[in-house]
Amino acid sequence: MADTKTYALIGIYGGTFDPVHYGHLRIAEELTEILRPDHLLFLPAGHPRLRDTPAATGACRVTMLHTAIRGNSMFSVDDRETRRSGETYSVESLQEIRQKYQTKHEGNKRVALCFIIGADAFIKLPRWYRWRELFELCHFVIANRPGSVPIANTSSLPDELKDACRDRWITTADELKNAPFGLIFTAPTTLLDISSTRIRNIIASGKSARYLLPEPVLNYIDRHDLYAGGK
Ligand code: ATP
Ligand code: MG
């Protein structure tokens with residue numbers, strides 16, 4: 001049988017990770033089985049334009065991610081955005097990441113980037129800076145999320161996004177390796193109703209966030225007194 005693996009596939013999981021929790025980690029784990037990527041990067045946002053300044057510093061969020069993924073050789077943390085001052089844009093980070101991996105894999109056409117995104121974030125894509133260019137840089141892998149309208153195809157999307165997504169939908173993950181960017185796949189990941197906002201609120205109210213996120217991350221939060229003031 002012919003080898004269908006045409007492109008090296010790099011998963012990129014962007015987010016604020018304030019803090020990282022089992023919703024994020026379980027999706028990343030399941031996607032390593034579904035997508036069979038060469039590698040998966042967590043890309044914590046620096047100073048996102050579209051939301052409040054994160055409660056924890058970039059350095060703390062990066063450390064929490066490192067703590068959460070320790071020992072998993074498939075995962076790593078890309079801290080380029082948290083090291084930068086000023087607003088950060090996914091489109092610029094993806095351009096840089098593509099550049100880096102293209103060089104590594106010898107040649108423009110050999111790398112497929114898959115941006116992993118929850119349904120709540122994907123539906124707001126038209127608010128992102130230079131968002132249409134993202135389809136020329138990466139595929140999108142959508143994880144549905146409790147409390148968000150499920151996304152399976154264009155029908156539930158706002159018009160502008162619906163148009164941009166037309167003819168991009170694929171039904172099997174293997175197809176992501178046949179093109180460097182531009183496809184959309186909704187992954188059948190487990191729905192876990194966990195959010196960082198809820199964790200921050202639980203901690204601020206003095207209650208237990210145990211079992212919503214890895215114990216070592218919670219210990220780090222305790223030690224550094226993060227989120228105690230709420231937000
Ligand atoms: P916050 O409440 O601060 O927004 P969050 O839990 O949504 O935090 P983010 O860092 O904003 O976490 O999320 C990063 C990415 O992960 C986004 O694309 C988001 O949609 C997705 N995501 C986060 N939690 C889940 C979850 N439980 N199920 C599916 N997708 C999720
Ligand atoms: Mg969020």
Taking H placed 1.01 Å from N in the peptide plane, check which residues at least 5 places from ARG80 or on another chain put their amide H under 5 Å from its amide H.
none
Between ASN153 and SER85, what length comes free when the chain is fully extended (0.36 nm per residue of separation minus the Cα-Cα distance, one decimal in nm)?
20.8 nm
Carbon-plus-sulfur fraction of the accessible area of region 49-149, 1.4 Å probe, in percent?
46
Diffusion coefficient in µm²/s returned for region 120-231 by Stokes-Einstein, Kirkwood Rh over C-alpha pairs, 37 °C and 0.692 mPa s, is 199
Counting C-alpha atoms alone, how compact is the chain: give Rg to one decimal and Dmax as a whole number, in angstrom.
17.4, 59
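Just the number please: accessible area per residue for region 8-193, 1.4 Å probe, all protein chains included, in Å². Spell out each step's value before the answer.
Numbers: 8380 Å² over 186 residues.
Result: 45 Å² of accessible area for each residue.
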What the Cα atoms of region 49-163 span along the principal axes, largest first and in whole Å, is 39, 39, 30
Starting with the highest mean, order 184-191, 110-117 by the number of other Cβ atoms within 10 Å, averaged over the residues of each peptide.
110-117, 184-191
TYR101: accessible area at probe 1.4 Å, nearest 10 Å²?
10
Please give the contour-minus-distance gain from GLU92 to ARG130: 0.36 nm per residue of separation, less the Cα-Cα distance, rounded to one decimal in nm.
12.7 nm
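If packing is taken as the average count of other Cβ atoms within 10 Å, what order do 12-23, 28-39 fall into, highest mean first? Could the numbers behind the result be given before it?
Working: 12-23: 23.7, 28-39: 17.7.
Listed from highest to lowest mean packing, they are 12-23, 28-39.
For a test of understanding, tell me how many lysine pairs in the chain have Cα atoms under 14 Å apart, given they are 8 or more places apart or on different chains.
Working: LYS5/LYS109; LYS5/LYS177; LYS100/LYS109; LYS109/LYS177; LYS124/LYS162.
For the chain, qualifying lysine pairs total 5.
The values are calculated or read from the model by the stated rules, or taken from the named source; none is laboratory data. Note that the coordinates shown come from a computational prediction; the quantities given were computed from them, not determined experimentally. Cβ: placed from backbone, ideal geometry, glycine included. Neighbour counts: every protein chain shown. Accessible surface areas use protein heavy atoms only, side chains included; no ligands, DNA or RNA. Shrake-Rupley method; radii C 1.70, N 1.55, O 1.52, S 1.80 Å.
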